[in-house]
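Worksheet: the structure to be examined is printed underneath.
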Amino acid sequence: MTPLTAAFRWILDRFTSRPTEPLAGSDPQPDRPLYVVGDIHGREDLLDAVLRLITRDAVKAGCGSQADLVFVGDYIDRGPDSRNVVTRLMGLTKETGMTVTCLMGNHEAMCLAFLAEQEESGSLWLSNGGRETLQSYGVFVPLRLPDAAAQNALRKLARRAIPTAHLDWLRSLPTLWTSGDVVVVHAAFDPDQTREDQRQDTLIWGRSAKFLKTRRDSGPWVVHGHTITRPLAVHGRRIPVDGGAYAFDVLSAAVLVPGCPVRYLSTAD
């Protein structure tokens, strides 16, 4: 590890969420066994590793095809293998035999905004890992895009390089998934709003101050990514799953079995 990488990880470690001890209370009651995987960020190697852990755990538990497998978003950007990650996720139901759901993350939203020519979306996405995603699709990205014309030229290249099937898949991603008393989102869930009244910017971007700060011992169990949390642990009825794939080389999954305490699987184990 280089001194620069070590310093970067030290800064991230200082400012990532650190949950306190969970509150005592009932356990989650999804309709059936559930595995929820955290933010992948272009790390196909970690995706492979966590899928092996999930498959082994499901076989041991005897649930196999009776389990749900949910991904919380942020499949692309930062890491080197965004294209391969998307391809893998698109065919995962057939591969695993499980019912697979992939949610929309803010990085997928930024990518789609860039391609749709939304104002200032280009610089935002490219500076947050979009450069690596385009490179995984074979698009050369200059170090500088001096003007709107240069950004539009890059956008045209991106539209030609990213397969239509991938774009259609990204556009189709839902922002919320439920099972029993469990809700899965990418970033946050407003505890003062019903599931039907949740704002998209809350679900995708986490713009709800109460979500991370308020410990709840009632209401739905909420599984989420987006905020790197070290170590991963249940916080009241909030279950974080983003262990920092791009920053700390760790991809994790929460295991929720009806009536049982939450467990974590981690590629770091």
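Residues that are closer than 30 Å to residue 67 by Cβ and touching a Leu at 6+ places or on another chain (Cβ under 9 Å): does region 112-120 have at least one?
Going through region 112-120, the residues closer than 30 Å to residue 67 by Cβ turn out to be 112.
Among the residues that remain, those that are also touching a Leu at 6+ places or on another chain (Cβ under 9 Å) are: 112.
Scanning region 112-120 turns up at least one residue that is closer than 30 Å to residue 67 by Cβ and touching a Leu at 6+ places or on another chain (Cβ under 9 Å).
With the structure loaded, tell me whether residue 215 is surrounded by 12 or more Cβ atoms within 10 Å (Cβ to Cβ), modelled with pLDDT of 95 or more, of a type in the set (Lys, Arg) and within 26 Å of residue 243 (Cα to Cα) or whether it fails that test. I'd like the intermediate steps shown before the answer.
On the way: surrounded by 12 or more Cβ atoms within 10 Å (Cβ to Cβ): yes; modelled with pLDDT of 95 or more: no; of a type in the set (Lys, Arg): yes; within 26 Å of residue 243 (Cα to Cα): yes.
No: the conditions fail for residue 215.
Which one of these is in contact (Cβ under 8 Å) with a residue 12 or more places away in the chain, in a helix (DSSP H, G or I) and within 15 Å of residue 166 (Cβ to Cβ): 124, 134? Spell out the reasoning first.
Details: 124 fails: within 15 Å of residue 166 (Cβ to Cβ).
Going through 124, 134 in turn, the sole match is 134.
Considering each residue of region 241-255, count those that are in contact with a helix residue (DSSP H, G or I) (Cβ under 9 Å, 6 or more places away or on another chain) and surrounded by 18 or more Cβ atoms within 10 Å (Cβ to Cβ), and give that number.
9
For residues in region 170-207 being polar (S, T, N, Q) and either in contact with a strand residue (DSSP E or B) (Cβ under 7 Å, 6 or more places away or on another chain) or closer than 29 Å to residue 159 by Cβ (or both), which is surrounded by the most Cβ atoms within 10 Å (Cβ to Cβ)?
As a first pass, look at region 170-207 and keep what is polar (S, T, N, Q): 172, 175, 178-179, 193-194, 198, 200, 202.
Applying the additional criterion that residues be either in contact with a strand residue (DSSP E or B) (Cβ under 7 Å, 6 or more places away or on another chain) or closer than 29 Å to residue 159 by Cβ (or both) yields 172, 175, 179, 198, 200.
Values: 172: 9, 175: 18, 179: 20, 198: 18, 200: 12.
Applying the filter and picking the extreme gives 179.
Just to be sure, is residue 196 charged (D, E, K, R), out of contact with any helix residue (DSSP H, G or I) (no Cβ under 9 Å at 6 or more places or on another chain) and in a loop (DSSP other than H, G, I, E, B)? Steps first, please.
On the way: charged (D, E, K, R): yes; out of contact with any helix residue (DSSP H, G or I) (no Cβ under 9 Å at 6 or more places or on another chain): yes; in a loop (DSSP other than H, G, I, E, B): yes.
Yes: the conditions hold for residue 196.
Out of the residues in region 194-247 that are without any contact (Cβ under 8 Å) to a residue 60 or more places away in the chain and among the β-branched types (Val, Ile, Thr), which is nearest to residue 35 (Cα to Cα)?
It comes out as 222.
Given the conditions (1) part of a helix (DSSP H, G or I); (2) surrounded by 16 or more Cβ atoms within 10 Å (Cβ to Cβ), and given that residue 145 satisfies all but one, which numbered condition is not satisfied?
Checking residue 145 against (1) part of a helix (DSSP H, G or I); (2) surrounded by 16 or more Cβ atoms within 10 Å (Cβ to Cβ), the one that fails is (1).
Exactly one condition in (1) more than 24 Å from residue 189 (Cβ to Cβ); (2) free of Cβ contacts under 8 Å to residues at least 60 places away in the same chain; (3) in a helix (DSSP H, G or I) is not met by residue 117; state its number.
It is condition (3) that residue 117 fails.
Answer yes or no as to whether residue 83 is touching a residue at least 60 places away in the same chain (Cβ under 8 Å), on the phi > 0 side of the Ramachandran plot and of a type in the set (Lys, Arg). Spell out the reasoning first.
On the way: touching a residue at least 60 places away in the same chain (Cβ under 8 Å): yes; on the phi > 0 side of the Ramachandran plot: no; of a type in the set (Lys, Arg): yes.
Spelling it out, it is not the case that residue 83 is touching a residue at least 60 places away in the same chain (Cβ under 8 Å), on the phi > 0 side of the Ramachandran plot and of a type in the set (Lys, Arg).
Yes or no: region 60-76 includes at least one residue that is in contact (Cβ under 8 Å) with a residue 40 or more places away in the chain, farther than 30 Å from residue 130 by Cα and not in a loop (DSSP other than H, G, I, E, B).
Yes, that holds for at least one residue.
Is it the case that region 164-177 has a residue that's in a loop (DSSP other than H, G, I, E, B), touching a Pro at 6+ places or on another chain (Cβ under 9 Å) and at negative phi?
At the first step, the residues of region 164-177 found to be in a loop (DSSP other than H, G, I, E, B) are 172-175.
Right, trim to touching a Pro at 6+ places or on another chain (Cβ under 9 Å) and you get none.
No, because not a single residue in region 164-177 is in a loop (DSSP other than H, G, I, E, B), touching a Pro at 6+ places or on another chain (Cβ under 9 Å) and at negative phi.
The values are calculated or read from the model by the stated rules, or taken from the named source; none is laboratory data. Only a predicted model underlies this, so the values are computations on that prediction, with no experimental measurement involved. Cβ: placed from backbone, ideal geometry, glycine included. Neighbour counts: every protein chain shown.
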